[in-house]
Amino acid sequence: MAGLLLRGLLATAPVAEPDEVQWIAPAGCPTREALLAGIAARRGRELEPGLARVVARTTVVAPRRYRLELELDIRGRRENRALVARTCAALVDGAALLIALAVDGELDPTAASPAPPPPGPVAGEIAPEPAAQLEPPPEPVVPPVSSPEPTVPPAPGSSPEPAQPASPAPAAPPVGPLDLASADPMPPSRPRPGGFLRLHGLGEFGALPQPTGGVGLAGGLLWPWFRLELQANYLAPRPVERLQTRVRASLFAAAVLGCVRLGGRRRFEFPVCLGLEAGGLAGVADGPSGHRTAIGRWLAATGGLGAIVRVHPRVALFAFLQGLAAFQRGTFVLTAPKEDRPLFDPGIGSGRLALGVELRFGEPR
């Protein structure tokens with residue numbers, strides 16, 4: 001009978017109306033009843049009707065990322081809070097804690113009216129035992145008052161010393177608004193590289209029969225102290241005439257370079273680069289044997305030093321001096337019945353100068 005009476009009392013306990021506590025959340029989140037249960041667990045009792053008006057809206061802002069906007073109206077005082085968490089259940093716990101602190105902070109424990117006495121037994125029923133009665137709300141904790149120390153009267157003939165004013169106790173620092181978002185901080189963003197695109201002109205000596213020029217296109221990624229660069233270069237054909245045969249040779253190649261950025265976060269940057277270039281040497285020969293074409297393989301290691309001046313956050317002027325050492329280079333020869341005679345043999349080493357304009361797509365962060 002005591003258990004039945006206890007359940008009846010709990011069932012008839014006042015609970016906040018639905019329009020007083022509004023919980024708006026996507027599918028899969030806890031319900032409004034879970035929020036009310038969390039508030040009751042932290043307060044030690046249910047949220048009384050008319051005590052507060054709550055509007056809680058939860059939205060999904062990113063995968064595994066929820067945001068709660070909380071509007072509180074407690075006896076005419078309005079507050080707006082925002083929480084962010086990885087789960088919707090964590091937002092329910094945070095909202096319940098904020099509401100409980102805001103409601104109980106508005107109540108004065110000394111002015112709280114005593115709880116009404118439990119209803120007496122009805123005729124024909126057995127009165128519940130004291131242990132089955134509802135536990136009253138906890139009484140406010142009052143700090144103990146220290147008794148004053150006894151005063152000792154001054155000795156005869158001695159002048160009483162002036163009383164020192166009591167220094168006021170240091171005031172407790174004000175407690176700011178609770179920010180539960182700090183309990184679940186946003187994950188640190190991953191560093192993202194910047195990018196660039198460049199158009200440059202070339203001057204070259206050593207790879208072709210005579211000094212020549214060309215054009216190139218480059219693009220790549222930027223990190224704070226490193227840059228990765230891909231190039232596509234073309235060197236215009238240059239002629240050479242031997243053994244009554246005129247040969248014109250040109251070079252087309254692609255290169256990949258890794259560079260250390262010295263002063264990469266400043267206006268002036270000095271990249272030091274190493275890389276590899278591969279392509280082909282295209283040759284056209286006209287002579288007594290007729291018109292012939294051939295393509296020889298080209299593979300070379302490259303390295304150099306550059307200078308970059310940023311004239312705008314997104315525009316920079318580029319200069320690069322590099323040297324190349326060829327591992328494979330096509331040799332053009334004239335085929336004869338007795339022996340082959342070389343017409344043009346590229347040198348092992350060559351040098352280039354590149355000048356261009358670089359368009360930046362943002363610095364790394």
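The values are calculated or read from the model by the stated rules, or taken from the named source; none is laboratory data. It should be emphasised that the depicted structure is a prediction, and the values quoted were computed from it without experimental measurement. Neighbour counts are summed over all protein chains in view; Cβ atoms, including those assigned to glycine, are modelled from backbone coordinates with ideal geometry. Quick note on the areas: whole protein, heavy atoms, side chains included, nothing else; ligands and nucleic acids left out. Shrake-Rupley method; radii C 1.70, N 1.55, O 1.52, S 1.80 Å.
Suppose a student asked you for the relative contact order of the range 203-292, using Cα pairs under 8 Å spaced at least 6 residues apart; what percent would you report? Write down the numbers at each step before the final one.
Details: 195 pairs, mean separation 21.5, N = 90.
Once normalised by length, the contact order is 24 percent.
Counted by Cβ distance under 9 Å from residue 315, the other residues give a net charge of +2, where Lys and Arg count +1 and Asp and Glu count -1. The residues of the range 260-365 present an accessible area of 57 Å² per residue when probed at 1.4 Å with all protein chains retained. Within the shell defined by Cβ-Cβ distances under 12 Å, the residues around residue 196 carry a net charge of +2, with Lys and Arg each +1 and Asp and Glu each -1. Residue 312 contributes about 100 Å² of solvent-accessible surface, heavy atoms of the protein only, 1.4 Å probe. Neighbours of residue 355, meaning other residues whose beta-carbon lies under 15 angstrom from its beta-carbon, give a summed charge of 0 when Lys and Arg score +1 and Asp and Glu score -1.
Label-to-label distance, residue 217 versus residue 327, with points set 7 angstrom from Cα along the beta-carbon direction: 2.7 nm.
In the range 29-69, what trypsin sites (Lys or Arg not before Pro) fall in a loop by DSSP, with at most 13 other Cβ atoms inside 10 Å? Each step should come with its number before you reach the end.
Working: sites: 32, 42, 43, 45, 53, 57, 64, 65, 67; in loops: 45, 64.
Counting only loop positions with at most 13 other Cβ atoms within 10 Å, the trypsin sites (Lys or Arg not before Pro) in the range 29-69 are 64.
For the pair residue 359 and residue 236, label points projected 7 Å from Cα toward Cβ lie 2.5 nm apart. In terms of the mean number of neighbouring beta-carbon atoms within 10 Å, the peptides 266-274, 220-228 order highest first as 220-228, 266-274.
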